[in-house]
Amino acid sequence: MASLTLRDLNKTFGSVEVLRGINLEVDAGEFVVLVGPSGCGKSTLLAMIAGLESVTSGEIAIAGRLVNNVPPKDRDIAMVFQSYALYPTMTVRGNITFGMESRGVPKKEQAAALARVAALLQIEKLLNRKPGQLSGGQRQRVAMGRALVRDPALFLFDEPLSNLDAKLRVEMRTEIKKLHQRLAKTTVYVTHDQVEAMTLASRIAVMHQGRVQQFAVPRMVYDRPANMFVAGFMGSPSMNFVPAEVVADEGRPAIAIAGANGPAVVLPLPEPTPNSLGDRGRRVVLGVRPEHLTRYDRRLREDKPHLATLEAPVEVVEPTGAETMAVVRLGEREVIARFEADAAPVVGERVTLALDMARACLFDAETEALI
Amino acid sequence: MAEALRYDPLGPSGTWHRQRARLLVYGLLTLFALYYLLPLVVVILNSFRDLPDISRAGLIGLPSSFSLSYWPIAWSKFCVGGTCAGIAPFFFNSVAMAVPATIISTAIGAVNGYVLSKWRFPGSELLFGFMTLGVFMPGQMVLLPWAVVLGWLKLTNTTAGLVLIHCVQGLSFTTLFCRNYYVNIPDDLIKAARIDGAGFWRIFRKIVLPLSPPILIVTVIWQFTNIWNEFLFAVIFSSGTHQPITAALIALSAGGTSVHQYNVESAAVLIAAAPPLLIYLFGGRYFLRGLTQGALK
Ligand SMILES: Nc1ncnc2c1ncn2[C@@H]1O[C@H](COP(=O)(O)OP(=O)(O)OP(=O)(O)O)[C@@H](O)[C@H]1O
Ligand SMILES: [Mg+2]
């Protein structure tokens, strides 16, 4: 049975449509990440699931029960807020047990639950402190503890890591992942960080302008993005987009892109091509991730049968340590290619690039949808 | 950057230019402090001088006599409007008026502020706007309506009537204070508590109230001082033995004897002024802190 079902969910604030036609089905034990740019309605959606925002139209069901009109406390959920929302005048202990107090859980059970969670999150030593006396990471743990102590049907997280510094964020990310692997609780997690989404999610829902653009497993979202928005949003540096045209190359399907200077470069498409490819002359957009565009080397051919080659001048080189990103010119466009650190190009070099057509995506130039 | 470069007359640097500016600032401050304190000093001194001394050297003259006897007279012996029990009964009238009125108006203001900041409903902003209008309403304007209402409720010339007036009149202020303080409490706290299963009152008691001392201190000081010192309603809606001390002081200075007993009257004025002064002395620190503090964080 689905742990959470959203059916045709809409939300408007006055005349502003914030969410339109959201449909999601989250299975028990899943870790679903809602990801999208700022203002796309993630927090609003989460608040609606929690019962903190009203539903304009549509249905929300938690564990098979329609909860549209159920108050937050009776929805069997726990939530971790971006601001942590720890009660500032209570100790850590008070924060964690407040919910149980409110629900009239016997003191003995409270103590047992507190001990369990404190051990799980390693915050035993902090129990008598106030939130103001904790570091960011510790507050984060306490906020998690407050949610975990409940043992609810559904966990909701709203950007729980965005207030931490980069290093701590990565640590806590791993910890959340471990925690989920251990407890296997159904979770809906909001973030605008696509790396967080990729690393944590069992499925990702990419949102944009109040709509779910794609809802799929991380690999799928990354490799076969449903449209150019998803393609551009997921992955860093983001996917290169090059305008192209469907052509035939010696009778076989191919696309042509503008060359570095002058003649078009023809790139054969791996076969079989999708049925929706369309006729010759159709305008499309070629999407290539930087890691699929690299210095040509004969050995690459061995495991990549659909390699295409092209030449391009290097304009900017950006070493990151482990690898080197370079901006190269492809016709009118600048695209980013990835190089091994020891195969890095120099500025001005005309580098021969290998483009893995098996990994490239084609989008319709009009609708921006994946072909 | 521009901030850091701005000229600060109280800054730590030692050039003559700055020293001079600093001198000017402190000089002016001292001058104004003296200007405001002088009347108080005069009244205090007069409360210890005998009448011949006062009439010889004048009210503002330097004292040449000293006696503590005028204070007890003012407190319990002096005749006001026919009864000779000093101002003590009126003092207690004021206490019986100011204490409940302060507590009730502050309590209601806190709940109002809580609702208007954390449980908004359609029209709540408008309602808040109307409530704050009361802050700008001059007391003279509501005299007649209050007279009618007190008549209806049969509370004319009672302490309870004055308590009612001050509660209602004070609500604008207390609501404004509390609401503006509570809007700074993050909404997430309330949401978290709602998910935790706490209801309206439990959230108020367990989360909002524990965060409130700064603003409650401000509100209590503000209300108590205003209610205690209030004069217009006191004079109009009470008479005889029911008068609060502010109204009684007038009766005292307009007393039957033709000779003004400046020393006793001074002592009486000081007794009347003591409670707000003491509250300010002890609570002033919190008052300023509460007014300037941006709630939490
Ligand atoms: N109470 C409200 N009244 C009117 N508009 C609102 C309200 N709450 C949110 N919005 C609008 O709804 C849209 C979605 O807001 P939401 O907070 O859900 O975005 P988000 O995806 O969580 O963004 P972020 O990543 O910045 O947190 C925004 O355009 C916001 O301005
Ligand atoms: Mg948000």
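The values are calculated or read from the model by the stated rules, or taken from the named source; none is laboratory data. Only a predicted model underlies this, so the values are computations on that prediction, with no experimental measurement involved. Positions of Cβ are backbone-derived with ideal geometry, glycine not excepted, and every protein chain shown enters the neighbour counts. When the accessible area is computed, the model is the full protein with side chains, heavy atoms only, and any ligands, DNA or RNA have been set aside. Shrake-Rupley method; radii C 1.70, N 1.55, O 1.52, S 1.80 Å.
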Worksheet item: Relative contact order (percent) for the stretch A:1-108, with alpha-carbon contacts under 8 angstrom and 6 or more residues of separation?
Response: 26 percent
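Determine, for each peptide in B:130-140, B:27-37, A:108-118, the mean count of other beta carbons within 10 angstrom over its residues, then list the peptides with the highest first. Before the final figure, lay out each step's value.
On the way: B:130-140: 11.9, B:27-37: 9.9, A:108-118: 15.5.
Peptide ranking by packing, descending: A:108-118, B:130-140, B:27-37.
Compare the peptides A:86-94, B:201-209 by average per-residue count of other Cβ atoms within 10 angstrom and give them in order, highest first. The partial results should precede the final answer.
Values: A:86-94: 19.9, B:201-209: 17.8.
Going from most to least packed, we get A:86-94, B:201-209.
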Worksheet item: Other chains near A:86-94: what is the mean number of their Cβ atoms within 10 Å of each residue's Cβ?
Response: 4
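Given A:130/B:191; A:11/B:118; A:11/A:42; A:73/A:125; A:11/B:206; A:11/A:177, which pairs have Cα atoms separated by over 23 Å? Walk me through the intermediate numbers first.
On the way: A:130/B:191 20 Å; A:11/B:118 21 Å; A:11/A:42 12 Å; A:73/A:125 29 Å; A:11/B:206 32 Å; A:11/A:177 31 Å.
Flagged as over cut-off: A:73/A:125; A:11/B:206; A:11/A:177.
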Worksheet item: By Kyte-Doolittle mean hydropathy of at least -0.5 and Cα axial length of at least 18 Å, which whole DSSP H helices of chain B are selected?
Response: B:16-46, B:88-118, B:159-182, B:213-229, B:262-292
Item to complete: Output the relative contact order of chain A, whole-number percent, from Cα pairs under 8 angstrom with separation of 6+ residues.
Response: 15 percent
Worksheet item: Can you give me the Cα centroid spacing of the stretch A:148-173 and the stretch A:175-228 in angstrom?
Response: 14 Å
Worksheet entry | Estimated dipole of chain B in Debye, rounded to 20 [Cβ of Lys and Arg +1, of Asp and Glu -1, Cα centre] | 700 debye
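Obtain the radius of gyration and the Kirkwood radius of the protein assembly as shown from its C-alpha atoms and give Rg over Rh.
Details: Rg = 37.5 Å, Rh = 32.0 Å.
Reported Rg/Rh (Cα atoms, Kirkwood Rh): 1.17.
Among A:356-364, A:59-67, how do they line up from the highest to the lowest mean number of other beta-carbon atoms within 10 Å? Working shown, then result.
Numbers: A:356-364: 19.3, A:59-67: 16.8.
By packing density, highest mean first, the sequence is A:356-364, A:59-67.
Extension gain residue A:101-residue A:7, at 0.36 nm per residue separation less the Cα-Cα distance, in nm? Numbers along the way, then the final one.
On the way: separation 94, 0.36 × 94 = 33.84 nm, distance 3.41 nm.
This chain segment gains 30.4 nm when fully extended.
Determine the shielding of peptide A:73-83 by partner chains: average, over its residues, the number of Cβ atoms on other chains within 10 angstrom of each Cβ.
Counting Cβ atoms of other protein chains within 10 Å of each residue's Cβ and averaging gives 3.
Accessible area per residue, 1.4 Å probe, Å², for the protein assembly as shown: what's the number? Could the numbers behind the result be given before it?
Working: 33180 Å² over 668 residues.
Accessible area per residue: 50 Å².
At a Förster radius of 30 Å, what calculated FRET efficiency corresponds to the Cβ-Cβ distance of residue A:124 and residue A:17, to the nearest 0.05?
Values: r = 47 Å, r/R0 = 1.58.
It comes out at approximately 0.05.
Rounded to the nearest 0.05, what FRET efficiency do residue A:133 and residue A:182 give with R0 = 45 Å and r taken as the Cβ-Cβ distance? Could you check? Intermediate results must be reported in sequence, preceding the final value.
Values: r = 28 Å, r/R0 = 0.63.
For R0 = 45 Å, the calculated efficiency reads 0.95.
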Worksheet item: Given a Förster distance of 56 angstrom, what is the FRET efficiency for residue B:200 paired with residue B:278, based on the Cβ-Cβ distance and rounded to 0.05?
Response: 0.95
Worksheet item: For chain B, rounded, prolate or oblate, judged on the Cα gyration tensor with a ≥ b ≥ c (square roots of eigenvalues), a/c < 1.5 rounded, else prolate if a/b > b/c?
Response: oblate
